[in-house]
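Presented below is the structure to which this report refers.
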Amino acid sequence: MTSTVGFVGLGNIGSRVIAHLVKAGHDVAVYDLNTVAVEAAVALGARSVASPAEAATEATALFLSLPTPPIVEGVVAEVLQQDNPGLIIVDHSTIDPDTSRRLAQDALAAGASFLDAPVSGGVQGAEAGTLAVMIGGDEASVKKVVPLVETYAGNIFHVGPSGSGQAIKLANNQITAANIVALGEGLSSAVAAGVDLDTAVAVLTKSSSNSNVLSNYFPKTLFTEDRPTGFALDFMHKDLGLFLDSAGKAKLPTPVTSLVRDLFSIGRRDGRGGKDFTSVVEFYEDFTGIRLQTKGNNQ
């Protein structure tokens, strides 16, 4: 069964997700300030609209994929000013749990629903249609949008009430960021001591320190010559800040995350904000003078 859906935010994830919605036969109305991204979406079969509110017109669901909490709040406020009874807003952005809970209440008061539904899997997952989606919100709304989300997701989790999806996503990103920093420190130490990088990677991917970052993500980013950007360091820095704010409200000590975020702050200071978030590891390369590029990725 096809539906009319809106999509606001055509960045690295959104621009790839809409391709799956269009391919599944859905009528997809898109909006983004980036006209180039809109033109690319239209070329895929989507249709351009003039505002987020228009994207929501006659839509079963409105999907958001936006960079910061204030932008999400502004878009939702604009949309909820319109008469869209029964509209379900599915927010794939990464924001904080408190903002998601507040927006869910605002949506309910306007006769709509708001689901926080951040994603994991990056550009590769969005292209392949295998994203992991963690959804917070009411069960009835989740069931209604699952057929749409299934067009681009490999795993869909209803993790609890409003805000729960964001809480899980921030934990995921915190753990991933800490893993990247730990790997960068460990690998740099090994190569500085004379161990061949390819040998170190081959051993560690078969040992207790293996992770998805080491075995799957680094080979596509850090270990390559061009180090393409799948998820910008600036965005991870933002997410770590959201994690620290959320943990602070729970009075949870965060010594690990505080240190990790400092390293991402150094990366931003050194001009790496727009590069892939794995470039935080270049902090260690600056000390060793050794680039962590495997032989298999020499181009």
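Among the candidates ALA153, ALA109, single out the residue that is surrounded by fewer than 16 Cβ atoms within 10 Å (Cβ to Cβ), over 27 Å from SER258 (Cα atoms) and not assigned by TED's automatic domain parsing to the domain that holds ARG261.
Residue meeting the stated conditions: ALA109.
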Tabulated pairs, segment 32-57, first over 23 Å from PHE114 (Cα atoms), second part of a loop (DSSP other than H, G, I, E, B), C-beta under 7 angstrom, 6+ apart or interchain:
ASN34/LEU10; ALA37/LEU10; VAL38/LEU10; VAL38/ASP32; ALA41/LEU10
Is it the case that PHE243 is among the aromatic types (Phe, Trp, Tyr) and within 27 Å of ALA117 (Cβ to Cβ)?
yes
Checking ARG101 against (1) out of contact with any Leu (no Cβ under 9 Å at 6 or more places or on another chain); (2) buried (at least 22 other Cβ atoms within 10 Å of the Cβ); (3) touching a residue at least 40 places away in the same chain (Cβ under 8 Å); (4) not hydroxyl-bearing (Ser, Thr, Tyr), only one condition comes out false. Which one?
(2)
Can you name the residue in segment 216-245 that is among the hydrophobic types (A, V, I, L, M, F, W, C) and part of a loop (DSSP other than H, G, I, E, B) and is also nearest to SER100 (Cα to Cα) among such residues?
PHE231
Out of all the residues in segment 46-62, which are touching a Leu at 6+ places or on another chain (Cβ under 9 Å) and in a loop (DSSP other than H, G, I, E, B)?
ALA46, ALA59, THR60
Options GLY241, GLY194; residue that is under 22 Å from the mean Cα position of the chain (by Cα) and of a type in the set (Gly, Ala, Ser):
GLY241
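The values are calculated or read from the model by the stated rules, or taken from the named source; none is laboratory data. What you are looking at is a predicted structure, and each value in this text was computed from that prediction instead of being measured. With ideal geometry, Cβ positions are generated from the backbone for all residues, glycine too; neighbour counts draw on all protein chains shown.
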